[in-house]
Amino acid sequence: MSQVHTSSFTNVGRTRFWQRGFLASQSAYVLAALVVLIVVMSLLSPNFMTGGNISNITRNFSFIAIATLGITLVIITGGIDLSVGSTIALSATITSLTMNALNTAQFYPFPGSALAVALVAGLLAAAAVGLFNGLAIAKLKLSPFVTTLGTLSMVRGLVYVTTQGRGTFPAGPDKELFLAVTAGKLFDVVPVSFLYLVICAAVMWVALNHTAWGKHVFAIGSNENAGRLTGVNVDRVKIQVYVLCSVAAGINGIIISGWLGSAPANLATAYELTIIAAAVIGGANLAGGVGGAAGAIIGCVLIEVIRNGLVLARVDPYWQQTLVGAIIVAAVLVDRLRSSRNG
Amino acid sequence: MSQVHTSSFTNVGRTRFWQRGFLASQSAYVLAALVVLIVVMSLLSPNFMTGGNISNITRNFSFIAIATLGITLVIITGGIDLSVGSTIALSATITSLTMNALNTAQFYPFPGSALAVALVAGLLAAAAVGLFNGLAIAKLKLSPFVTTLGTLSMVRGLVYVTTQGRGTFPAGPDKELFLAVTAGKLFDVVPVSFLYLVICAAVMWVALNHTAWGKHVFAIGSNENAGRLTGVNVDRVKIQVYVLCSVAAGINGIIISGWLGSAPANLATAYELTIIAAAVIGGANLAGGVGGAAGAIIGCVLIEVIRNGLVLARVDPYWQQTLVGAIIVAAVLVDRLRSSRNG
Amino acid sequence: QDTYTFAVVPKAMNNPFFDLTRDGCEARAAELGNVTCLYIGPVEHEATTQAQIIEDLITQGVDGLAISVSDIAAATTVIDRATAAGIAVITFDSDAPDSTRTAYVGTDNKLFGVDLGKLLLQVAPDGGTYGMISGGAAAPNLALRVDGVREALAGSNWTEVPGSPTFSNDDIALAVQQMGDLKTANPDIKAIVPVGGWPMFAPDGWKNFVDQYKADVDSGALALVVADTLPQQLELLSEGYAHGLVGQRPYEMGVVSMDTLLSIVNGETVDEIIYTGNDVVTADNVAEFLK
Amino acid sequence: MLALLELTGVTKEFGAIRALSDVSFSVRPGEVVGLMGDNGAGKSTLVKIISGIYQPTAGALRFAGDHAQIHSPAEARRLGIETVYQDLALADNLTAAENIFLGRELKRQVGPFRFLRHADMQARAEELFDELKSETRAGDYVRQMSGGQRQAVAIARTRLSDAKLILMDEPTAAISVRQVAEVLNLIHRLKDAGIAVILISHRMPDVFAVCERVIVMRRGTKVADKPIAASSPEEVTALITGAKEAA
Amino acid sequence: MLALLELTGVTKEFGAIRALSDVSFSVRPGEVVGLMGDNGAGKSTLVKIISGIYQPTAGALRFAGDHAQIHSPAEARRLGIETVYQDLALADNLTAAENIFLGRELKRQVGPFRFLRHADMQARAEELFDELKSETRAGDYVRQMSGGQRQAVAIARTRLSDAKLILMDEPTAAISVRQVAEVLNLIHRLKDAGIAVILISHRMPDVFAVCERVIVMRRGTKVADKPIAASSPEEVTALITGAKEAA
Ligand SMILES: Nc1ncnc2c1ncn2[C@@H]1O[C@H](COP(=O)(O)OP(=O)(O)OP(=O)(O)O)[C@@H](O)[C@H]1O
Ligand SMILES: Nc1ncnc2c1ncn2[C@@H]1O[C@H](COP(=O)(O)OP(=O)(O)OP(=O)(O)O)[C@@H](O)[C@H]1O
Ligand SMILES: [Mg+2]
Ligand SMILES: [Mg+2]
């Protein structure tokens, strides 16, 4: 895409392969750090590289990875969304409540219908949060941080209100189906949640790199004003991005609650910081204009590998939190390597 | 300070009083919103305007207000500090541990000596966190968000490690003195913590508006590069700002633990978001270059009035969280009024 | 006849455990007629917020307070302020023994831990290695339970694995993940003892975990002894997904708290320590708890 | 001939600053008008009002006979008004080619989806730079470009659509001798194609080389509006500095 | 006379782009040197190396006889090198006066503390703008200033200290006719005061009006370095565009 038209420029050399594209990005360097970490972890604990554990890790990071993809979009536009944790809980709760309500109402025209309605309800609830955020930020020009901090609190409050703080459990005729599509495993190995993640990431990659919309997302993050002046519908793109982010969080909420078989009211409390950390570690820049799907996933894997690895390495639990923090800082430190090499 | 030299400009009118200075700032508009809120709250609950409750409110917002002053400095430079909550816990813990250790060691050369040593130890521990943040951000050029997210986790982990998760409480010969200087009341009315706040705010106001250092803080936030190019020692100012922020959090930690008579290991968990929200509501701009001491305090008062008022009005606790979120968004919405009036 | 407002302050309102206390308190208040039960606390577990809410309640002039103490020293300070203001104060679920509270209503947490340990010995007398899952590292009652389990198992063939207990911070999803982590890190672990019900609050997550080791669980080679007896836990137990539960009686705590506070404001003397007792549930007696 | 753009009594205030007071003028299709004035005279503010960024405090605009108001830059673009902004309005994290095509990317329909034609855009951008004789590489990120290269990108951007009016706010400020000549050439070609141009520049010779008419602003008011032929650089300079009151 | 600034074999690479290759020249005290070249020729890169923003990939600098390297802009300022950057380097949220005095504020000692002398700085800034005949208000925030007003602030900044060398990267790009004359006047005065100036400009007449010597860059290399008297605008243009290889 950024093939340099060198023919006529005597002062332009060839860009070496490591100086461009993915290999020159923060994501690549963090990936390298991740590989090192995995090697260290497997040396520290013989159980790290077992099939069961890899499957656990895969499932665990899929839980937050789709939301991380969504928030990466928001971060690319220079925004932030602190309400993802609450949105995860909301969509899980609404899905579960809808399944219960349909069950009570004996609504079941055909197999899967209750589940379909419930999923739509859960995702619509999540989308509504995104729409609120997007409208407030794009139209009323409120600060994304404060707006989404407000929704963080509002949405969590609503979850408590609707369930009286108790949380809910999915139930009804489609419960087995619900568990299968959320917590099941493909060929008994690959968690389906991982499959969803791969699909979402692929779609996002194409959208960001090969559609006008993607360019607009980057343009807004790098100079919102320039976007506006060149006729980009900045407000619409921003609203879309916040809605997508909330829907992504909603998908994650449904997946988590399917796996848990429960939608506790405090589900995903404080996950927003982890999710944002994953996106930023993966190379998204909070100043806007930089980020990508691959990086988001790498960030999530890194955080989960640290968590899982420390437990497996039987590190004193009091020390774990300290180490997680230290390794997060170390992971972004490798990015300095890149900047100093690529000038 | 920005008196316009109009004499020779035919196209420049007089700036009306509401178009300049404090009255044209977000802080002023949020202050107006606060006044409205106070009126509403006192109508809703007869206990709101009682002396005891006003004293409670004053004390409660002082608990986070000094840290908010500190984080406002960081935000003005365009940075962020997520580790304040953990730092509050750290300084409280270290102070308390030191008092206990001196007590055990029977170190007590003169009255107040144990307290003095303990306070210095607690504040030094906090300053160390700030120094770490500042060095990583200014010298290694790491992202403030990730760095301080890392310290959030590391410092909290250390608090757990040092106390084995149990927390500590201040003890020893100076315990009474400790309680008096942190939780006491001046003339039996004004909480001393409020006095500290007023002093800190006044110093900050002078520093920001009447010293070169303050101008440098603003310059870094509005164009770091310009600061660097004009010979401002950007790195040093940044480090100072992060250290000050951590020390401010440390002071708050000591005050809170004095009032509680305890330093639980989970003290101030998740306070960072409230503190940042207070700063932003009070007019600090996360993009950098804007903010002030008065705004920070107004933001803290607003958040505490909401919390306290809802409890007193006996609003269903499950709705409280929702309302707090909504009011936060509404408070920044009034700022739109300002922008649309002042063009 | 005077009417009274008694506030019940839980550690965290997002914990379903306290919902039962609230239910008990409200039911009892309705029966008594002249008592209002005000259930309010911090949404998340944090000592300062709890103390601030108690201060607000003092300002409001409630007649009695029942507090599940978040941090002993912090609560002691504020409880002393409440009693100084002439308010009747008791603690429930989690105590602050050195404060001026009149009584404690709740579980004997040490004994609760000992019961958990004894139940493990009963379920799997052969011993082996075991791991525990706890909630917040700062919670004193959980620390007592952990001590109780260790005490009951001291001298037996059970040894604790390193890295135990893990702290789930009351995060249900994390607690289930930690079940898996414990088993993966210690493939030959013979028992897991969560000292709170967190992982089982996610019934399918729990089932997912157990299903991976179903044979071991069925044969008793992996013993699962868990704290708390919420309905979904009892279901799981009856379906063979656990070996035993030790339950507290949160509903009772709510009821007894109201009674105790009413007695205090009426000037009667009450016992300082009122244990509400534990329920030990195994496959044998689960049916009677389920109904 | 009917006026393409007509401003009547346009005033713009920013708080106490009256950046424009009561400015009226009109531009015919295919006319090249020079807009001159001291720094802070209000030229850029005028451009921003015409291109829909600011709404005037008072006064009205007519474009192509109707449209009393232009509400947004997107609307201005739709009406056929293209602008080279003084601050260039480039997205630093996109390449030159991506910036040029921002908001009107070339796309290929694949089923229901429309994907970017990267290579075509790249090629077209290179063509445009060649046309301007500019040493700007279409695939470079704008972030790392020199001042003149950035300006070339902003100018190239206006070449994509069939505009009716092109506003150029100091388009030659940062570019080198050779490209200045090309830009002036370009303006001549635009005029021949019937496209009106408003050129803001501090370079007297350039204005006198391509414009038919010159409008001079001073502290927010229009002090002169006359054909180039009837004026002289000296007179314009005097008007700009205020040595001469009006003409 | 000893050279004030001496560059030998300076090369700067950004990844694959070689912005400067093997550039050597020297500047004597009080000399006014014009630096010309096409867009992207490497002029600004050269300025940034002299003012300590970039470190050269290869080559050495000598200033006032010693100092092989200038490590930071602060160091350059200490050595007596002042710069008007092409992108101006202004802090938008400060006023014009505050920007001018940024990094060397006027202070009043009160006990152990030193407080700003707001009024004095304001007054001095107004003086500087008057001197430049610029319509810039010292108390206005830079954020709301016109392009030319911003440039005036950047130029005024260099007037505060006793510099030995002033680098001006297109200082007249955005300012109006009258102030251009003032800036050229200023350069004359600087020269008379023994201060050396490197002037980068795309405006041939300006360079020929004030410079004694002109250096022409083309794609990162120096293609000419000769006294103004021995050259002509036509020759320089040919050198810039590459029509003439070297001189
Ligand atoms: N930080 C950077 N990273 C990569 N390339 C750069 C960077 N800075 C400059 N360049 C490239 O180096 C070359 C020289 O740029 P420079 O800014 O020195 O040009 P210039 O002579 O000042 O041009 P102008 O007259 O347009 O200001 C250009 O091709 C530019 O794209
Ligand atoms: N957003 C704004 N807020 C306040 N004042 C403004 C704003 N924009 C412009 N101004 C003021 O309006 C006046 C006109 O500015 P404008 O940018 O139109 O000048 P200009 O004629 O383009 O000057 P230049 O030749 O320097 O580009 C100036 O005094 C400027 O300070
Ligand atoms: Mg302008
Ligand atoms: Mg340049």
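Just a few scattered comments:
- Taken together, the residues in the stretch E:143-181 that are part of a helix (DSSP H, G or I) and within 16 Å of ligand 1 (Cβ to nearest atom) amount to 3.
- Some residue of the stretch D:13-26 being over 15 Å from the mean Cα position of the chain (by Cα), surrounded by fewer than 21 Cβ atoms within 10 Å (Cβ to Cβ), under 22 Å from residue A:229 (Cα atoms) and more than 16 Å from ligand 4 (Cβ to nearest atom): yes
- Hits in the stretch C:42-94 - residues which are under 18 Å from residue C:15 (Cβ atoms), free of Cβ contacts under 8 Å to residues at least 40 places away in the same chain and open to solvent by 20 Å² or more (accessible area, probe 1.4 Å): C:43, C:44, C:49
- Subset of the stretch C:233-291 [among the hydrophobic types (A, V, I, L, M, F, W, C) and assigned to a strand (DSSP E or B)]: C:245, C:246, C:273, C:274, C:280, C:281
- Of all the criteria given as (1) touching a residue at least 24 places away in the same chain (Cβ under 8 Å); (2) on the phi < 0 side of the Ramachandran plot; (3) within 17 Å of the chain's Cα centre (by Cα), the one not satisfied by residue C:106 is (2).
- Residue count, the stretch C:183-203 (criterion: of a type outside the set (Gly, Ala, Ser), in a helix (DSSP H, G or I) and buried (at least 24 other Cβ atoms within 10 Å of the Cβ)): 4
- Unmet requirement for residue D:144, which otherwise passes all of (1) more than 21 Å from the chain's Cα centre (by Cα); (2) away from ligand 4 (no atom under 16 Å from the Cβ); (3) modelled with pLDDT under 90: (2)
- Residue in the stretch E:205-220 that is more than 26 Å from residue D:170 (Cα to Cα), within 16 Å of ligand 4 (Cβ to nearest atom) and within 14 Å of chain D (Cβ to nearest Cβ) present: yes
- Test: residue in the stretch D:230-238 that is touching a residue at least 60 places away in the same chain (Cβ under 8 Å) and open to solvent by 10 Å² or more (accessible area, probe 1.4 Å): no
- Flag set for residue C:30, criterion: hydrophobic (A, V, I, L, M, F, W, C) and without any contact (Cβ under 8 Å) to a residue 12 or more places away in the chain.
- Condition met for residue E:166 (more than 16 Å from ligand 4 (Cβ to nearest atom) and modelled with pLDDT of 90 or more): yes
- Residue within the stretch A:289-298 that is at pLDDT below 85, surrounded by fewer than 24 Cβ atoms within 10 Å (Cβ to Cβ), under 18 Å from the mean Cα position of the chain (by Cα) and not polar (S, T, N, Q) present: no
- Matching option when the condition is closer than 26 Å to residue A:179 by Cβ and within 14 Å of another protein chain (Cβ to nearest Cβ), among A:60, A:47: A:60
- Selection status of residue E:47, farther than 23 Å from residue B:226 by Cβ and either open to solvent by less than 50 Å² (accessible area, probe 1.4 Å) or more than 13 Å from chain D (Cβ to nearest Cβ) (or both): no
- Residues that are in contact (Cβ under 8 Å) with a residue 40 or more places away in the chain, of a type in the set (A, V, I, L, M, F, W, C) and within 16 Å of ligand 1 (Cβ to nearest atom) do not occur anywhere in the stretch D:61-82.
Yes/no per residue for (1) within 23 Å of residue B:142 (Cα to Cα); (2) under 11 Å from the mean Cα position of the chain (by Cα); (3) surrounded by fewer than 24 Cβ atoms within 10 Å (Cβ to Cβ):
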residue: B:65; (1), (2), (3): no, yes, no
residue: B:74; (1), (2), (3): yes, yes, no
residue: B:82; (1), (2), (3): yes, no, no
residue: B:91; (1), (2), (3): no, no, no
residue: B:97; (1), (2), (3): no, no, yes
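- Some residue of the stretch D:152-160 being open to solvent by less than 10 Å² (accessible area, probe 1.4 Å), at positive phi and either touching a Leu at 6+ places or on another chain (Cβ under 6 Å) or within 14 Å of chain E (Cβ to nearest Cβ) (or both): no
- Test: residue in the stretch B:104-111 that is away from every other protein chain (no Cβ under 13 Å) and either assigned to a helix (DSSP H, G or I) or under 24 Å from the mean Cα position of the chain (by Cα) (or both): yes
- Filter pass, residue A:268 being at the interface with another protein chain (Cβ under 10 Å from one of its Cβ atoms), at pLDDT 90 or above and in contact with an Asp or Glu (Cβ under 9 Å, 6 or more places away or on another chain): no
- Inter-residue pairs, beta-carbon under 9 Å, first closer than 12 Å to residue A:257 by Cβ and modelled with pLDDT of 85 or more and in the stretch A:169-192, second among the hydrophobic types (A, V, I, L, M, F, W, C) and assigned to a strand (DSSP E or B), 6+ apart: A:169/A:263; A:170/A:263
- Subset of the stretch D:27-41 [within 14 Å of chain E (Cβ to nearest Cβ) and either more than 15 Å from ligand 2 (Cβ to nearest atom) or open to solvent by less than 10 Å² (accessible area, probe 1.4 Å) (or both)]: D:34, D:35, D:36, D:37, D:38, D:39, D:41
The values are calculated or read from the model by the stated rules, or taken from the named source; none is laboratory data. Computed from a prediction, not measured in an experiment: that's the story for all the values here. Using ideal geometry, Cβ is built from the backbone for each residue, glycine included, and neighbour counts are taken over all protein chains shown. Each accessible area value is taken on the protein alone, full model and side chains, heavy atoms only, with ligands, DNA and RNA left out. Shrake-Rupley method; radii C 1.70, N 1.55, O 1.52, S 1.80 Å.
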